[in-house]
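Accompanying notes for the structure given below.
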Amino acid sequence: MQEINLSEIIAEIFSKHHCSFMTVKQVVSNMPMQLKRDLGVAEPHAAVELQKIFEPMLDDRYVFSRRGTWIYIQEARKPEEFIFDALNKRKELGKTAGRIWLSVPFSKKECSKILGQLVRDGKVILKLEDDLVFRFYPAENAEENETQNPSEYTLENFRTAFDSLDNGRIFVRICDLRKKLNWPRNVFDQGLRQFRDAGIIQLHVGDVSLMTREEIDDCFIDENNIRMGTVTWHGK
């Protein structure tokens, strides 16, 4: 029997579907039956078992990754390249953090970490849209987008307000930041969620015992109904 070059087979499958990663089960489903028999995967296998079978057969063009219970075979590329692939699909529309995460082969935590770093490096722009949703854009078309939809509700303005309140304490009270920015309440809360999900900031419960009733009301209630009182900048 002719030796099977699994890496070349995967390259053909990826090229046919215009993708750079698939779950191991998707890869198998795109193989002809005779090849499945030759590989010993004609019968259903768990993803972990498929990884054990395929891993010794792959060259350095491909690696395995995991997202929850999903196991992927992906091109051996830098993680941020997958982020840019997601952003550059109809990039004029922008992408939310959740939409980007669904388009990459790694965990939500890893996706948020990479997005946050790309924003901090100025390679990706986070921008509020007319529907009051923050979306990510590749930096190269940021100038065009900003001209089309100028807005005061930007990450840059958020950071400026944060720094003015920091005073060397590292953390800032959310109620103070809300007052300083004076953004509409829903815009401010949406910004906190998106900046948090992108790994740019971190939210903390904080000490509300010394806050007034108004200051407590101006904290942030997250999706788990937990009142967050302070915010810190990632890595600061």
Tally, over the range 182-196, of residues that are over 21 Å from Gly116 (Cα atoms) and open to solvent by less than 60 Å² (accessible area, probe 1.4 Å): 2
Val24 being buried (at least 16 other Cβ atoms within 10 Å of the Cβ), touching a Pro at 6+ places or on another chain (Cβ under 8 Å) and β-branched (Val, Ile, Thr): no
Pairs where the first residue, in the range 157-175, is in contact (Cβ under 8 Å) with a residue 60 or more places away in the chain and open to solvent by less than 60 Å² (accessible area, probe 1.4 Å) and the second is part of a helix (DSSP H, G or I) and of a type in the set (Gly, Ala, Ser), C-beta under 9 Å, 6+ apart: Val172/Ala161
Residues (open to solvent by 70 Å² or more (accessible area, probe 1.4 Å), of a type in the set (S, T, N, Q) and at pLDDT 85 or above) located in the range 89-126: none
Yes/no for Gly199 being modelled with pLDDT under 90, within 27 Å of Glu129 (Cα to Cα), open to solvent by less than 60 Å² (accessible area, probe 1.4 Å) and assigned to a loop (DSSP other than H, G, I, E, B): yes
Which numbered condition Asn30 fails, given (1) surrounded by 14 or more Cβ atoms within 10 Å (Cβ to Cβ); (2) closer than 19 Å to Trp101 by Cβ; (3) of a type in the set (S, T, N, Q): (2)
The lone exception for Ile216 - which of (1) within 25 Å of the chain's Cα centre (by Cα); (2) part of a helix (DSSP H, G or I); (3) of a type in the set (A, V, I, L, M, F, W, C) it fails: (1)
All positions within the range 164-177 that are modelled with pLDDT of 90 or more and out of contact with any strand residue (DSSP E or B) (no Cβ under 8 Å at 6 or more places or on another chain): Ser164, Cys175, Asp176
Counted residues, the range 205-220 - those being in contact (Cβ under 8 Å) with a residue 24 or more places away in the chain and open to solvent by less than 70 Å² (accessible area, probe 1.4 Å): 7
Candidate set from the range 33-56 (those that are among the β-branched types (Val, Ile, Thr) and surrounded by 14 or more Cβ atoms within 10 Å (Cβ to Cβ)); member that is farthest from the chain's Cα centre (by Cα): Val41
Scan of the range 182-211 for residues that are of a type in the set (A, V, I, L, M, F, W, C) and over 16 Å from Gly229 (Cα atoms), ordered by number: Trp183, Val187, Ala198, Ile200
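The values are calculated or read from the model by the stated rules, or taken from the named source; none is laboratory data. Nothing here was measured: the structure is a model prediction, and the numbers come from that model. Quick reminder, even Gly has a Cβ in these numbers, built from the backbone with ideal geometry, and neighbours come from all protein chains shown. Quick note on the areas: whole protein, heavy atoms, side chains included, nothing else; ligands and nucleic acids left out. Shrake-Rupley method; radii C 1.70, N 1.55, O 1.52, S 1.80 Å.
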